[in-house]
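Working notes, structure below.
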Amino acid sequence: MVTEISKVDWDTSLETGIDDVDKQHRQYFVLLNDYLEKAAETATDRNQFFDLMEKLDFLQQYAKEHFSTEELIMQEAGFPDFESHRDEHLYFVQHVEELYTQLKSVGFTPELAREVNYYIIEWFVDHIRQADMELVEFLHTKVTWHRKIFDQLNKLFTSLFGKN
């Protein structure tokens, strides 16, 4: 039942090293735990349903905002898997919106709540561990490559003109 999930903890294995992204991921977990707390209350008190819907809506809007940040970083960096990564974001947004609509029309059920929980918890964490970490690897490689070029140019400059 939904009440089994009481809290989802952020852990350092989810850190990307990109400050803005990590900050948003941590905030997502705060909002997620707020939603889960309300889901547990709704499971025992149906009067909590509207608050639950508000929290889920806020959570999904925050995820959209976060995905926009990631997509901007990918575009600016020339990330080659941008479209695939963006498609994952679109899939998440569309699916959670469908679940939100179902929850709104059908009402709270443990089955629907479990499916919502799967996407807002497991899917999101898996996305960080796989797709986001591929982006991080690309960015690290790009920075390393730029650093090597800079170092080579610096050596060339020093050899031609003396001190740098």
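Quick notes on this structure:
- A single entry from Glu122, Glu97, Glu88, Glu70 fulfils the requirement of being charged (D, E, K, R) and free of Cβ contacts under 8 Å to residues at least 24 places away in the same chain: Glu122.
- Boolean, Glu41 is more than 20 Å from Val136 (Cα to Cα) and modelled with pLDDT of 90 or more: no
- All positions within the stretch 64-81 that are more than 15 Å from the chain's Cα centre (by Cα) and of a type outside the set (D, E, K, R): Gln75, Ala77, Gly78, Phe79, Pro80
- Subset tally (residues that are of a type in the set (D, E, K, R), closer than 18 Å to Val136 by Cα and touching a Leu at 6+ places or on another chain (Cβ under 9 Å)) for the stretch 10-38: 2
- The stretch 50-100, residues that are among the small types (Gly, Ala, Ser) and crowded, with 19+ Cβ neighbours inside 10 Å: Ala63
- Residues satisfying the stated conditions in the stretch 27-61, i.e. in contact (Cβ under 8 Å) with a residue 12 or more places away in the chain, out of contact with any Asp or Glu (no Cβ under 9 Å at 6 or more places or on another chain), farther than 17 Å from Thr101 by Cα and not aliphatic (A, V, I, L, M): Gln27, Tyr28, Asp34, Glu37, Thr44, Arg46
The values are calculated or read from the model by the stated rules, or taken from the named source; none is laboratory data. None of the values given here were measured: they were computed from a predicted structure. No Cβ is skipped: glycine too gets one built from the backbone with ideal geometry, and neighbour counts run over all protein chains shown.
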